[in-house]
Amino acid sequence: MTCFSPAYAQTSQPENIEVHATRTVQVQTYRAVARVFNRFNAFPEQDRANLSLHVLGRLQPEDAPLKASGLHLQTQNGPIPLFNADNDELTVPLTKALWAENPPLMANLTADEFIGFTFQIAVATPQPDQFTDAEARHWLKQLNNCMEDVVGVVVAFMLPDAHRLIVSVAPHSRLEAVKNDQSQLLLDNQSDTPQTFVFRPQDYPRDTLFRSTKAFNQVLIKIPLDPHASMKRKA
């Protein structure tokens, strides 16, 4: 049998153990987040028709899905999750009641963790598998007009314009540019996952038709300056 002497027990030093426990903390308020979506929805209809704002979040630094953060509104009537269980999109209910209450946004974070967000502008194409050069140029102009609405004409003049579309091509489908019955292959996605093709519609002849053999997975406008934001523990 192994025995521990009293002398050893008295002279041993206690260990310093650092604990980085995950706990529910406030990261923001409802109004601060809802204001972003309300601002976009307040743009003139002609500038945002067929366009929608999407905010995607990831738990950092481990780059885990947004749902891993447990992000939610702590309202008087109980918690409201702010994540889509199927993807990383931030889902914020926009109601007058929540604006008046202004509940805190809570998340399960350690001291070293934060939630990183990126912003996307999605396009609802009139047809699921094709769009024209004229439509693409119109969407880009719409976003430029939205930027002017936010920062003013003078400041927007110094910012880069939106020039590029991001097309998410479905698995096992082909994206083509068609002009005068002549097809140019842009992307042949032979994989089992969507692939993206980024391009400038201005680089193609007028009246070009951009066509896919399957419905697009998604069509986005690349936002100038790559805006992003983060949420971390409130002090």
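The values are calculated or read from the model by the stated rules, or taken from the named source; none is laboratory data. Keep in mind it's a predicted model, so treat the numbers as computed, not measured. Glycine gets a Cβ as well: all are built from the backbone with ideal geometry, and neighbour counts include every protein chain shown. To get the accessible areas, we keep the full protein, side chains included, count just its heavy atoms, and leave off ligands, DNA and RNA. Shrake-Rupley method; radii C 1.70, N 1.55, O 1.52, S 1.80 Å.
Residue-wise test of (1) of a type in the set (S, T, Y); (2) closer than 30 Å to L105 by Cα; (3) in contact with a Pro (Cβ under 7 Å, 6 or more places away or on another chain); (4) not in a strand (DSSP E or B).
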{"residue": "F210", "(1), (2), (3), (4)": "no, no, no, no"}
{"residue": "K214", "(1), (2), (3), (4)": "no, no, no, yes"}
{"residue": "L220", "(1), (2), (3), (4)": "no, yes, no, no"}
{"residue": "I223", "(1), (2), (3), (4)": "no, yes, no, yes"}
{"residue": "R233", "(1), (2), (3), (4)": "no, yes, no, yes"}
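The combined condition, being under 17 Å from the mean Cα position of the chain (by Cα) and surrounded by 13 or more Cβ atoms within 10 Å (Cβ to Cβ), is not fulfilled by A124.
Report the residue count in segment 30-53 for those that are outside any loop (DSSP other than H, G, I, E, B) and open to solvent by 40 Å² or more (accessible area, probe 1.4 Å). Before the answer, list the steps.
The first filter runs over segment 30-53 and keeps only residues outside any loop (DSSP other than H, G, I, E, B), leaving 30-41, 45-48, 51-53.
Now drop any that are not open to solvent by 40 Å² or more (accessible area, probe 1.4 Å), which leaves 31, 35-36, 38-39, 41, 45-46, 48, 52.
Here the count works out to 10.
If you go through segment 152-163 one residue at a time, do you hit one that is touching a strand residue (DSSP E or B) at 6+ places or on another chain (Cβ under 7 Å) and either modelled with pLDDT of 95 or more or within 25 Å of L53 (Cα to Cα) (or both)?
There is at least one residue in segment 152-163 that is touching a strand residue (DSSP E or B) at 6+ places or on another chain (Cβ under 7 Å) and either modelled with pLDDT of 95 or more or within 25 Å of L53 (Cα to Cα) (or both).
Pick from segment 198-218 the residues that are at pLDDT 95 or above and aliphatic (A, V, I, L, M): which of them is nearest to S183 (Cα to Cα)?
At the first step, the residues of segment 198-218 found to be at pLDDT 95 or above are 208-216.
Restricting the remaining residues to those that are aliphatic (A, V, I, L, M) gives 209, 215.
Numbers: L209: 9, A215: 18 Å.
Top of the filtered list is L209.
Are any residues in segment 161-207 within 23 Å of I223 (Cα to Cα) and β-branched (V, I, T), and if so, which ones? Residues satisfying the conditions are I166, V167, V169, T196, V198.
I need a count of the residues in segment 71-117 that are assigned to a strand (DSSP E or B), free of Cβ contacts under 8 Å to residues at least 24 places away in the same chain and not small (G, A, S).
Here is the first cut: in segment 71-117, the residues assigned to a strand (DSSP E or B) are 72-75, 78-81, 83, 89-90, 104-109, 114-117.
Still in the list and also free of Cβ contacts under 8 Å to residues at least 24 places away in the same chain: 78, 80-81.
Restricting the remaining residues to those that are not small (G, A, S) gives 80-81.
Final tally of qualifying residues: 2.
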